[in-house]
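Notes follow the structure.
The values are calculated or read from the model by the stated rules, or taken from the named source; none is laboratory data. Just so we're clear, the structure is a prediction, and the values are computed from it rather than from any experiment. Ideal geometry is used to build each Cβ from the backbone, glycine not excepted, and the neighbour counts take in all protein chains shown. Calculation scope for accessible area: heavy atoms of the full protein, side chains included, ligands and nucleic acids excluded. Shrake-Rupley method; radii C 1.70, N 1.55, O 1.52, S 1.80 Å.
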Amino acid sequence: MKKLSTIFAIALLVFITNCQDFEEFQTDPNSTTRANPGLLLTNIEINAFGSINLNAAMACRYLVNVNLVNDFQYYGWDRAGFGVSDGSTQTLYHLLRQVDKMEEEALRLDDENYQVLANFFRAYTYEQITRQFGDIPFSASIQAEEGVITPAYDEQKNVYLGILSLLEEANELIDPNSEAISGDVVYNGDLSKWQKLINSYRLRVLMSLSLKENDPDLNLATSFNEIFTNPTRYPIMESVEDNCQFTYSEETGNTYPFWRSAAITTSYIFEESFVDRLKEFEDPRLFVMADPEDIASGMDELNFDSYNGFNGSAPFNENTTRLGLGEGSPLDERYIEDSEAEPNLALGYSELSFTLAEAANRGWISANAEDFYTEGIKASMQFYNIDQTAVDTYLAQAELQYNPTNGLEQILTQKYLAMFLNSGWEPFYNNRRTGIPEFDISGGGTLNQGRVPKRWMYPISEINLNQENLEAAIRRQYPEGDNINGVMWSIDPQ
């Protein structure tokens, strides 16, 4: 009996050992269930800051598609995925989950600076989403693991208050003098530049709400002025060296989106109102952005008469007929021949300068609007590597001298010109807020009853999975139902 017990014990030990070996065998020693926050940061930056968007370029009257009738050009869009205006299935709520994961790993490593960046990216991402739709899931979002799979919608005002709070907290917690973080393709780990971005972006958000200037809960002018007048506590961008951008390169495998895509130059022609604005003041940026018309072959590429555009609202066949005649300026060949072309610019010193000029014009800050207006133009010229002599000649024109009487129009027009193929949908949202510059709808081909849409309809996934909360949000905001012309809280002048 004793011998039998001994044999049983040995067999049991072998069985347990084999089970342990089997479990260990099922675990890949070369993989990890943990992620380095730096690796997550790289992916988050590239996805969040991707600003080169052809759909936005058509909607904002920079480019015209001559290969098909595009809903963004003709204002015939309807729904979008949450936070995605181009029909992509990669929603920004998915990006927020990555941000949560980055913060989780940062907490594990006790690295507070990644936690600060998590706050910033939450603010940045939620703003992209709410600007498209209005009310959105905010306070109860990204909580599926806690059992919240049908989150309620927060009113847009509360979303913005939350965004501004996240940015304030990020500025207070960041240590600009601490050791550089890894995985940062924007500022190479320099946290002092990140702090400037956080506060510069906060100024963008405050200005985007200018139609709510008298709302006592927001205190827009006071908050804006507090940041502007306290650079020690709230440093902001000081030059193009502080631009929020990353550079493309064939060596890194991260090439410019249009590189080697010949279809880009054959499918897109410049929109005529944009070209006309550049030609009116002999803007040297036109020569860097565009190529001459085919009918202008052999002419001087530095001759403004060699460049023309198509009416983005004209019927499709009118533009294709003109194309067949050799008319219309395409994108400069560098966009497809150079793997770097130009940096991906999400928010730059030029934009900030124009925002400060607008704040001065509105009386939010005590400053010279003309100085910031001029600084914004110079920063944009620098982005395109325009020769200083050409910049001086451009600025010397009498029509470009800042005039307080129509100063706001001058500021916003130059801001628009500076955002060609950068800053994503920002020029569209600036136009929605101010009406400047006017987007041409005179050509007769525009859909949506000849109107520029105000928003996107909510995703079909919300109808299928979160209908009760969605319908409550729609009733609260849009008496006529979920449509692309609904006026959300942030752009309602009342």
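Restricting attention to the range 284-314, the residues being outside any loop (DSSP other than H, G, I, E, B), open to solvent by less than 10 Å² (accessible area, probe 1.4 Å) and touching a strand residue (DSSP E or B) at 6+ places or on another chain (Cβ under 9 Å) number 4. None of Asn361, Asn406, Asn385 is among the polar types (S, T, N, Q) and not in a helix (DSSP H, G or I) except Asn385. Can you work out which of the residues in the range 315-361 that are among the aromatic types (Phe, Trp, Tyr) and under 29 Å from Gly376 (Cβ atoms) is most open to solvent (accessible area, probe 1.4 Å)? Checking each candidate, the answer is Tyr349. In the range 409-421, which residue that is assigned to a helix (DSSP H, G or I) and in contact (Cβ under 8 Å) with a residue 60 or more places away in the chain is surrounded by the fewest Cβ atoms within 10 Å (Cβ to Cβ)? Across the range 409-421, the extreme among qualifying residues is Thr413.
Residues of the range 214-231 that are touching a residue at least 40 places away in the same chain (Cβ under 8 Å), open to solvent by 30 Å² or more (accessible area, probe 1.4 Å) and outside any helix (DSSP H, G or I): Asp217, Thr229.
Selection of the range 242-260 for residues being β-branched (Val, Ile, Thr) and closer than 24 Å to Tyr349 by Cβ yields only Thr247.
Listed here are the residues, each with its yes/no results for (1) at pLDDT 95 or above; (2) closer than 25 Å to Met419 by Cβ; (3) surrounded by fewer than 23 Cβ atoms within 10 Å (Cβ to Cβ); (4) of a type in the set (Asp, Glu).
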site: Leu63; (1), (2), (3), (4): yes, yes, no, no
site: Val66; (1), (2), (3), (4): yes, yes, yes, no
site: Tyr74; (1), (2), (3), (4): yes, yes, yes, no
site: Thr89; (1), (2), (3), (4): no, no, yes, no
site: His94; (1), (2), (3), (4): no, no, yes, no
site: Arg108; (1), (2), (3), (4): no, no, yes, no
site: Ile142; (1), (2), (3), (4): no, no, yes, no
site: Gly147; (1), (2), (3), (4): no, no, yes, no
site: Ile174; (1), (2), (3), (4): yes, no, yes, no
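For the condition under 19 Å from the mean Cα position of the chain (by Cα), farther than 21 Å from Glu301 by Cα and of a type in the set (D, E, K, R), Glu351 qualifies. Among the residues making up the range 458-481, those that are closer than 12 Å to Asp135 by Cβ and in contact with a Phe, Trp or Tyr (Cβ under 9 Å, 6 or more places away or on another chain) are Tyr458, Glu462, Asn469, Leu470, Ala472, Ala473, Ile474, Arg476, Gln477.
Per the conditions (1) farther than 30 Å from Asn188 by Cβ; (2) small (Gly, Ala, Ser); (3) at pLDDT below 95, the sole criterion not satisfied by Ala290 is (3). Between Leu167, Leu197, Leu161, the distinction of being open to solvent by 50 Å² or more (accessible area, probe 1.4 Å), under 25 Å from Gly363 (Cα atoms) and in contact (Cβ under 8 Å) with a residue 40 or more places away in the chain belongs to Leu161 only. If you filter the range 422-450 down to residues that are outside any helix (DSSP H, G or I) and in contact with a Phe, Trp or Tyr (Cβ under 7 Å, 6 or more places away or on another chain), you find that the one that is surrounded by the fewest Cβ atoms within 10 Å (Cβ to Cβ) is Leu447. Report every pair of residues separated by at least 6 positions or lying on different chains whose Cβ atoms are under 7 Å apart, first residue within the range 145-157 and closer than 20 Å to Gln494 by Cα, second open to solvent by less than 90 Å² (accessible area, probe 1.4 Å) and among the acidic types (Asp, Glu). Going by the 7 Å Cβ cut-off, the qualifying pairs are Asp154/Asp135; Glu155/Asp135; Gln156/Asp135. Of all residues in the range 112-144, those satisfying the criterion of being of a type in the set (Gly, Ala, Ser) and either in contact (Cβ under 8 Å) with a residue 40 or more places away in the chain or in a helix (DSSP H, G or I) (or both) are Ala118, Ala123, Gly134, Ser141, Ala144. The set of residues in the range 240-283 that are of a type in the set (Asp, Glu), outside any helix (DSSP H, G or I) and farther than 24 Å from Lys378 by Cβ comprises Glu250, Glu251, Glu271.
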